[in-house]
Structures are given as C-alpha cells and as structure tokens.
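Only one structure is covered here, and it is reproduced in the block below.
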Amino acid sequence: MNEKELIERLIAGEERAFRYFIKIHKGKILNTCFKFLNNYEDAEDAAQETLIEIFKSISKFNQNSNLSTWTYRIAVNKSIDMIRTKKRRDKIAGFISIFSLEFKNHKQKLHSPDNPQKQIEKNENQELLNQALAKLPENQRIAITLIKLQDMTYKEAAEVMDVTV
C-alpha cells in the first residue's frame, strides 16, 4: 500500500489501515520519544499519545509533507509536552539520563558486554553526552537529537521542527 492510499484509508477511518500504520511507524515513534524523554515508560506513554493524536487528527493532515514527517512532528511535540509537564510537576531542571537505570539493566542482561571496561567507558561517555545536551537551548537539543540520534537529514529535521534548514 502506498502512502497516498494509506492516508486515504486512515482518513476514512479504516481500522486495518490504522493497524498497518502502527505496524510501520510504532517503532520509529517510540524511538523518537525515547530519545527526548530518556525513560522507556515515558516514551511508551508519549508514543501512545502520539498514535491517539494521529488517529484523532488524520483528517486535518495537510498532504504537503510526508506522513512520516507529520508523525515525527507530533511525536516530538508530545515528548516536549511531557518534558514540560514533568518539569513543572517535579521541578527538575534538564533531562534525565538518556537510558534509565531500569532500561540499562534490562539491556545489559540481554547483551552482557565482553569487556566491562568498555561498558563503563560507554556509560561515562553517555552521561557526558546527556549533560551536554541538557545545557543546550531546546531547539538545538531537538535538532541534534533528530539529526545525530535519529539519523535524520538536516532537511527532515527542519521539516519536523517546522523551521528552515
């Protein structure tokens, strides 16, 4: 099914099309949210909110951009909204670690490192990266996350952020 046909079916409210959309995009949406929220449970919540928003507002989709660009924009916005809400509620400055302790432990159980020293260095480097990202202005943090961590092009990131390259 091509993108245009998928959009038409989504707008028509076809459940099968939405299931297909979820199958194709859920992993990317979850990954995008996780890169911003740094916590797997929060990323799952933001991804769910993103899918609900897409379902509710697909009829408003302006087909001047790609469906995936529009989807990323919603995922980024939902993630940022969640960060702002958490900051207000918890009064926490900056982001929490990109990989929460629980997620690290789960991942380490699945993929135990061959060299513990390399794993320690990787964790230290990740923490330094987290600290540096937290110091950046929001737009720069979003751009770097999309381009460097999501492997988007500058053009794609600009479209998601709704700014010029």
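The values are calculated or read from the model by the stated rules, or taken from the named source; none is laboratory data. What you are looking at is a predicted structure, and each value in this text was computed from that prediction instead of being measured. Counting neighbours? That spans all protein chains shown, and the Cβs are built from the backbone with ideal geometry, glycine included. These area figures cover heavy atoms from the full protein model, side chains too; ligands, DNA and RNA do not enter into them. Shrake-Rupley method; radii C 1.70, N 1.55, O 1.52, S 1.80 Å.
Run down LYS23, LYS4, LYS35 and say which single residue is exposed (fewer than 14 other Cβ atoms within 10 Å of the Cβ) and either β-branched (Val, Ile, Thr) or at pLDDT below 90 (or both). Checking each option against the conditions leaves just LYS4.
Residues in region 57-68 that are surrounded by fewer than 18 Cβ atoms within 10 Å (Cβ to Cβ) and either in contact (Cβ under 8 Å) with a residue 60 or more places away in the chain or small (Gly, Ala, Ser) (or both): SER57, SER59, SER65, ASN66, SER68. Scanning region 61-104 for residues that are hydroxyl-bearing (Ser, Thr, Tyr) and at pLDDT 90 or above turns up THR71, TYR72, SER79. Taking region 134-151 as the range and being part of a loop (DSSP other than H, G, I, E, B), without any contact (Cβ under 8 Å) to a residue 24 or more places away in the chain and either of a type in the set (Ser, Thr, Tyr) or open to solvent by less than 70 Å² (accessible area, probe 1.4 Å) (or both) as the test, only LEU136 passes.
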